[in-house]
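The values are calculated or read from the model by the stated rules, or taken from the named source; none is laboratory data. Because the structure is predicted, anything quoted here is derived from the model rather than measured. Don't worry about glycine lacking a Cβ; one is built from the backbone with ideal geometry, like all the others, and counts go over all protein chains shown. The protein model used for the area step is the full one, side chains on, heavy atoms only, and it has no ligands, DNA or RNA in it. Shrake-Rupley method; radii C 1.70, N 1.55, O 1.52, S 1.80 Å.
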Amino acid sequence: MQSPTARRVTPETRLTEGARGERLSALLAARIRAGGPIPFAEFMRECLYHPEHGYYSRRAARRRGDYYTSVDVHAIFGRLITRQLAEMWELLGSPQPFLAVESGAGVGRLAANILDFAARELPAFYAATEYIAVEHSAVRRSEHANALASHVSKSRVSSCAEIPEEIPNGCIFSNELLDALPTHRVVIDRGQLREVYVGFEGGKFIEVLLEPHTPAIEQYFREQGIALPEGQQAEACLDACGWIENAGRALGRGFVMTIDYGQEARALYDERHNRGTLLAYRDHRITENVLDAPGEQDLTSHVNFTALQVWGCRTGLQRTGLVTQSQFLVALGKANEFADLYEPGQSEVEKLRARLLLKNLIHPEGLGEKFQVLIQHKGIENPRLTGLSGY
């Protein structure tokens, strides 16, 4: 490996004082002093998933002030996903059991919305479904028993740390999971692809450019036909490629549904993203200072939906369709004029508030146009799904 070149790729910014991630910083600094700079992907993995000090190892209540997701806006998000899952079940011939596998289930909020609605409105689907809430964090997984108590007692749900090895019939789905997987960072420097490593110098973390530590990074761009120009910064999420391959291997017949923030490759790596897409979130504020406060801020990058399709094909997954979240929700909701939006006995004021919340999920300036929904299928010919009817 060549001598490291220290170079700050992202600008230095300040966050609120306090809670600067000192404990995890000390562990990472000791690791770097002992073995040299580490790929940014490894730094990000520790920041988010360290079993004791990682951001996602903290209790959810401590993270709710940093960001919110579609699940937090209104239960209609989970209800319409339930409608799509039930249609998938029917297209597969109404198998029993139908495995609904949520990867990255967090503390179980989406699972609760889906199962509550299925039990109330779709009893046949509910009776056939085995919901598996997959969550790597033991802290968050421990909250499933309370959040899903009524469904646990009926043997309709279980939780585990990994996707099951065999899913004969079902759907593997995720919501805002892949954008938080550790990603490799690269930059084209004097015509050469260089990977961003993290070093430690002068009492702070620094960015260091070195040769890619694995040929898989160059292969990642080559297989998608992406040639980055001089100075271009970009991410290569090899973990997402591994995730979709594992999903495809596990699935016998059915679907993989990925809901996340991102684009296909040619848009993701164009001149509008010449600084890459990696960002840090804390207290509903965004910063590019991704090295600050390890374990105390969320780190995300845009999902590459082309890579999910390329690597998914290796295990038999075929593209069913890709639409915006807005198109997906509107297509499912208009089937019954969004009657699923309302609770029994709601007042007109409460219904108005529900409609206003819905707009945030589907409005072009809200979450609806920022998120994409990719559905892939396996073991079924040319399925036509309501959620993709605008595709």
Excluding residues fewer than 8 places away in the same chain, name every one of the lysines whose C-alpha is closer than 22 Å to that of LYS334. LYS351, LYS359, LYS370
Taking Cα centroids, how far is region 85-144 from region 261-288 in Å? 31 Å
Charge sum, other residues only, whose C-beta stays under 14 Å from GLN224's C-beta, Lys/Arg counted +1 and Asp/Glu -1: -2
Counting only protein heavy atoms and a 1.4 Å probe, tell me what percentage of region 99-152's accessible area is made up of carbon and sulfur. 55 percent
Sulfur and carbon atoms: percent of accessible area, region 239-385 [1.4 Å]: 49 percent
Note on region 99-198: contact order normalised by length, alpha-carbon pairs under 8 Å, 6 or more apart, percent, works out to 33 percent
Once both axes come from the Cα atoms, what is the angle between helix 348-362 and the longest principal axis of the chain, in degrees from 0 to 90, rounded to 10? 40 degrees
Averaged per residue, what accessible area in Å² does the chain show with a 1.4 Å probe, protein chains only? 43 Å²
Output ³J(HN,Hα) for region 221-226: one whole-Hz value per residue in order, computed from phi by the Karplus curve 6.51 cos²θ - 1.76 cosθ + 1.60 with θ = phi - 60°, and x for Gly and Pro. 6, 4, 5, 9, x, 9
Residues whose modelled amide H sits under 5 Å from the amide H of LEU99, counting only those 5 or more places away in sequence or on another chain, are GLU130, ASN169, GLY170, CYS171
Dividing the helical contributions, -39500 (n - 2.57) per DSSP H run of n ≥ 4, by the residues of the chain yields a 222 nm value, nearest 500 deg cm²/dmol, of -9500 deg cm²/dmol
Could you work out how far helix 22-35 tilts from the main Cα principal axis of the chain, as a 0 to 90 degree angle to the nearest 10? 50 degrees
Restricting region 127-225 to trypsin sites (Lys or Arg not before Pro) in coil, as DSSP defines it, with at most 16 other Cβ within 10 Å: LYS154, ARG190
Centre separation in Å (Cα based) which lies between region 26-59 and region 213-245: 22 Å
List the residues, sorted by chain then number, that are 5 or more residues from ILE206 or on another chain and whose placed amide H is less than 5 Å from its amide H. GLY199, PHE200, GLU201
In order over region 382-390: 3J(HN,Hα) from phi, Karplus 6.51/-1.76/1.60, θ = phi - 60°, whole Hz, x for each Gly or Pro, gives 6, x, 10, 10, 4, x, 9, 5, x
Enumerate the calculated ³J(HN,Hα) couplings along region 287-300 in order (Karplus 6.51 cos²θ - 1.76 cosθ + 1.60, θ = phi - 60°), each rounded to whole Hz, writing x wherever the residue is Gly or Pro. 9, 8, 7, 7, 8, 7, 6, x, x, 10, 9, 7, 10, 9
